[in-house]
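First the structure, in the form of C-alpha cells, and then the observations on it.
Each value in this text was obtained by applying a stated rule to the coordinates, not by laboratory testing. Since the structure is predicted, the reported quantities are computational estimates derived from the model, not experimental observations. All Cβ positions, glycine included, derive from the backbone under ideal geometry; neighbour counts span all protein chains shown.
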Amino acid sequence: MSERISIVLADDHQVVRQALHALLDNVASFTVVGEAADEARTVEAVAELRPDVLVLDLMAAGHGGVEAILLDRTLGDQIAHERIQKRGALFAR
C-alpha cells in the first residue's frame, strides 16, 4: 500500500472541520493528522505535524489565511524541501 497523504484542516467553524474530517476519513489515501481553529494554532500544527496538505479557510475569522501562509515563509520552504526529498526517495527505490 502506498503512503497516505497527511492533512491539516484549518477553519474557524468546528462543524466545517468535522464535516471535512468525516469526508476525508472515507478516502483511503488521506489521513487527517490535525485541526486548527485560528491562525496561531494553524502555524503550530503545520510546524509540529508537517502535513502534506493544509486545507485552509482563507476567509476565516481569527486567521487571515494568506497571512498564516506567509507568517513563516522559512518554515514553508523547509517543509516543501523535506517533501520533495521524501518523494524523490520514494521514486528512487
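Structure above, values below:
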{"item": "Whole-Hz couplings from phi, Karplus 6.51/-1.76/1.60, listed for the range 28-45; x for Gly and Pro", "result": "4, 8, 10, 9, 7, 9, x, 9, 9, 9, 8, 4, 4, 5, 4, 4, 4, 5"}
{"item": "Placed amide H near Asp12: partners under 5 Å, 5+ positions off or other chain", "result": "Ala61"}
{"item": "Arg50 versus Gln14: modelled label distance in nm, points set 7 Å from Cα along the beta carbon direction", "result": "3.1 nm"}
{"item": "Global form of the range 1-40, assessed from the alpha-carbon gyration tensor, a/c cut-off 1.5", "result": "oblate"}
